[in-house]
Amino acid sequence: MGMMKNYLLRLLNVSDDGPTQDAIEWAITSGLVPLTYRLENDTRAVTAALPMIIETYQAVVRPKLSSTDEPVLEELRRKGPLAA
């Protein structure tokens with residue numbers, strides 16, 4: 001189990017900011033980005049899909065967030081092509 005957690009943490013480090021890491025984690029756990037468990041391939045896939053991951057994350061999660069989460073959404077908007 002520890003190796004799996006370490007692997008996922010390495011994938012989350014594609015980005016160094018929390019909101020984008022949340023979007024990556026959501027994409028992995030929701031199956032939006034399937035993993036091959038080859039770090040180089042998965043890192044490349046996450047990096048290439050990052051704009052889509054952020055956009056989809058915001059579209060799916062935003063309706064469920066409260067107004068206190070607005071700073072997180074603003075940070076995501078600055079990081080990628082997000083619809084307001």
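All of the numbers you see were taken from the coordinates with simple rules; none came from a lab. The model shown is predicted, which means the values in this text are computed figures rather than measured ones. Positions of Cβ are backbone-derived with ideal geometry, glycine not excepted, and every protein chain shown enters the neighbour counts.
Note on Tyr37, Tyr57, Tyr7: ascending count of other Cβ atoms within 10 Å places them as Tyr37, Tyr7, Tyr57, the fewest first. The trypsin sites (Lys or Arg not before Pro) of segment 5-64 that meet both conditions, a loop assignment by DSSP and at most 14 other Cβ atoms within 10 Å of the site Cβ, are Arg38. Counting other Cβ atoms within 10 Å as a rough exposure proxy, the listed residues Val46, Val60 run Val60, Val46 from fewest neighbours to most. Of the residues Asp17, Asp22, the one with the fewest other Cβ atoms within 10 Å heads the list, and the complete ranking is Asp17, Asp22.
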